[in-house]
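I have placed the structure first, in the form of structure tokens, so that the comments after it can refer back to it.
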């Protein structure tokens, strides 16, 4: 059985690497995107994504909030965690969870586990399109 | 006596197309590498200059953009990080082939699966994305 897949969308390469590498070490499959448009390309490619972790402020036309909105149109049940140093929770429309930056990997892991369970938990049908 | 765990080996996969980058990087992770995914030459430079890890090799698309194009980047890396092996690939098939060669030199010393299947997987993803965009 494949592990659950998390899409990490973050424009700073070193932060993205550390986040993705930590989640892989926990057993999740991870897809990485450098901005919102790349994240949407991944969602449009047909690859299974069980949860999204996204930054908000990123270059290009698709920021983290727009990516969240688009993801909810494609798969309303797929959880999205929005992370930002600039927004308030109440501004993170459509997000299932909000993490204020800076946050710890442990805090992120706890939120992910609450939303989708452990890496090998059977995929919920509620994420499907 | 406990078995000694070797230090991880680090690579950078640089390609402007996220679907190509993801698939090549995932294949190389199955080969045992830790892999940075870079969309531009600027990100390659950040990973080399600011990352705490010693990078062993760079696999880059020959049409990479950013502060430097791919050929300028190769010169810059040769000058500033001469220990980094540099491979420029001109298309999906040659990139997958190059990833296969890096795999042969990598921590596991064997290919987890055929690199040609990586190229086929990338082409399927790109076709699916194009269909969705119509």
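What follows is calculated from the coordinates using simple rules that are stated; it is not laboratory data. It should be emphasised that the depicted structure is a prediction, and the values quoted were computed from it without experimental measurement. Cβ atoms come from the backbone with ideal geometry, glycine included; neighbour counts cover every protein chain shown.
Key figures
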item	result
Average partner coverage of B:14-24, which counts Cβ from other chains inside 10 Å	4
Ratio of the Cα radius of gyration of chain B to 2.2 N^0.38 Å, where N counts its residues	1.07
Two-site FRET efficiency, residue B:132 against residue A:48, from Cβ-Cβ distance with R₀ of 22 Å, rounded to 0.05	0.90
Helix-derived mean residue ellipticity, 222 nm - over the protein assembly as shown, DSSP H n ≥ 4, -39500 (n - 2.57), to 500	-13500 deg cm²/dmol
GNM flexibility winner over chain B from B:107, B:115, B:82 (Cα, springs under 10 Å)	B:82
Gap separating the Cα centres of the stretch B:1-69 and the stretch A:85-105, nearest whole Å	29
Gain on full stretching of the segment that runs from residue A:114 to residue A:70 - 0.36 nm per residue minus C-alpha separation	13.6 nm
Label-point separation, residue A:121 to residue B:124 (7 Å along Cα→Cβ), nm	2.8
Order of A:114, A:78, A:24 under a 10 Å beta carbon neighbour criterion, fewest first	A:114, A:24, A:78
Average beta-carbon neighbours from other chains, 10 Å sphere, peptide A:37-47	6
Virtual spin-label span in nm between residue B:54 and residue B:109, 7 Å along Cα→Cβ	2.0
Of every Cα-Cα pair in the protein assembly as shown, the percent that sits beyond 23 Å	52
Per-residue Cβ neighbour rank within 10 angstrom, fewest leading, A:10, B:49, B:26	B:49, B:26, A:10
Cα point-scatterer Debye curve for the stretch B:66-118, base-10 log of I(q)/I(0) at q = 0.16, 0.18, 0.22, 0.26 Å⁻¹	-0.59, -0.71, -0.88, -0.99
Cα pair count fraction exceeding 25 Å, expressed as % - chain A	13
Euclidean distance of C-alpha centroids, the stretch B:79-134 and the stretch A:25-41, integer Å	18
Footprinting exposure proxy for A:22, A:45 (fewest neighbouring C-beta atoms within 10 Å first)	A:22, A:45
Estimated inter-spin distance, residue A:12 and residue A:24, nm [label 7 Å along Cα→Cβ]	2.1
Near-label residues of the stretch B:58-80 by backbone N, under 20 Å of a point 7 Å along Cα→Cβ of residue B:94	B:58-66, B:68-78
